[in-house]
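Here the structure is laid out as structure tokens; the discussion comes afterwards.
The values are calculated or read from the model by the stated rules, or taken from the named source; none is laboratory data. The shown structure was predicted, so the numbers you read here are calculated from the model rather than taken from an experiment. Don't worry about glycine lacking a Cβ; one is built from the backbone with ideal geometry, like all the others, and counts go over all protein chains shown. Ligands, DNA and RNA are stripped out before the accessible areas are found, and what is left, the full protein with its side chains, is counted by its heavy atoms. Shrake-Rupley method; radii C 1.70, N 1.55, O 1.52, S 1.80 Å.
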Amino acid sequence: MTEQRERRTRMSAEERRASILVAATELFAEVGYLRGKTSAVARKIGVSEPVVFQNFGTKATLFAAVVDRAADHICRMVERVTTADIPVAGLLKMMLDPEHLRHVHSAGSVGAIFADASTIHDEPEIAAATRRAVQRFAAAITGLLDRGCADGELRADLDTEAAAWWLISLVASQKFRQSTAPDPEEIEARLAESTLAFLT
């Protein structure tokens with residue numbers, strides 16, 4: 001216990017912020033922004049709640065930083081697969097798979113953070129972070145689709161930027177379809193098939 005406390009005190013300011021962000025990401029992904037408490041973030045890493053506020057100022061600023069950090073993670077993943085020798089059509093098929101979409105929005109996943117962030121309109125910092133994240137996703141996916149076109153996997157006349165926004169919208173609205181469609185599983189499968197047919 002003493003050794004653990006000593007390790008904590010030796011943390012640099014950057015390491016402390018990073019540890020808070022990791023804990024906050026886990027918490028907000030699991031329970032959402034409204035139910036997530038800064039005191040719970042502090043408990044996760046064994047510090048007092050004022051330490052969280054000293055590093056981030058407000059809960060909204062902390063959540064906005066979590067959104068930015070999660071966007072970094074997603075964009076790095078997309079950029080990695082864009083430069084890898086993996087067929088784009090196969091990546092799109094996996095991305096649109098109904099099971100994958102369901103996982104994207106499940107509690108505890110990074111996607112849950114963005115789904116939650118997109119519903120928060122009364123916190124300017126969070127709204128700005130959400131806009132930044134989605135614009136970054138669109139740019140990263142546009143790059144992936146550009147490669148698909150260059151490789152001849154996707155249709156030559158594809159407007160890749162518009163298609164990227166379409167794909168993001170399709171992913172973002174999956175929860176809506178799950179709660180309103182008469183047979184969500186069938187609709188998801190048909191949407192995935194139709195989207196792939198159009199793109200390729």
The stretch 116-129, residues that are open to solvent by less than 30 Å² (accessible area, probe 1.4 Å) and under 30 Å from residue 99 (Cβ atoms): 117, 120, 126, 129
Flag for residue 67 being at pLDDT 95 or above, open to solvent by less than 40 Å² (accessible area, probe 1.4 Å) and within 17 Å of the chain's Cα centre (by Cα): yes
Some residue of the stretch 171-179 being out of contact with any Gly (no Cβ under 8 Å at 6 or more places or on another chain), hydroxyl-bearing (Ser, Thr, Tyr), within 30 Å of residue 36 (Cα to Cα) and without any contact (Cβ under 8 Å) to a residue 60 or more places away in the chain: yes
Helices (runs of 4 or more DSSP H) contained entirely in the stretch 110-200, each with at least 3 residues that are among the acidic types (Asp, Glu): 184-199
Residue in the stretch 74-83 that is in a loop (DSSP other than H, G, I, E, B), surrounded by fewer than 16 Cβ atoms within 10 Å (Cβ to Cβ), in contact (Cβ under 8 Å) with a residue 60 or more places away in the chain and in contact with a helix residue (DSSP H, G or I) (Cβ under 8 Å, 6 or more places away or on another chain) present: no
Residues being surrounded by 15 or more Cβ atoms within 10 Å (Cβ to Cβ) and assigned to a loop (DSSP other than H, G, I, E, B) - total across the stretch 91-108: 1
Matching residues in the stretch 6-25 - criterion: being touching a residue at least 24 places away in the same chain (Cβ under 8 Å) and either among the charged types (D, E, K, R) or under 12 Å from residue 66 (Cβ atoms) (or both): 8, 16, 17, 20, 21, 24, 25
Selection count, the stretch 28-42, where residues are open to solvent by 30 Å² or more (accessible area, probe 1.4 Å) and in a helix (DSSP H, G or I): 5
Residue count, the stretch 43-60 (criterion: of a type outside the set (Gly, Ala, Ser), open to solvent by less than 40 Å² (accessible area, probe 1.4 Å) and either touching a helix residue (DSSP H, G or I) at 6+ places or on another chain (Cβ under 6 Å) or within 17 Å of residue 126 (Cα to Cα) (or both)): 4
Residue in the stretch 144-192 that is nearest to residue 70 (Cα to Cα), counting only those that are surrounded by 16 or more Cβ atoms within 10 Å (Cβ to Cβ) and small (Gly, Ala, Ser): 172
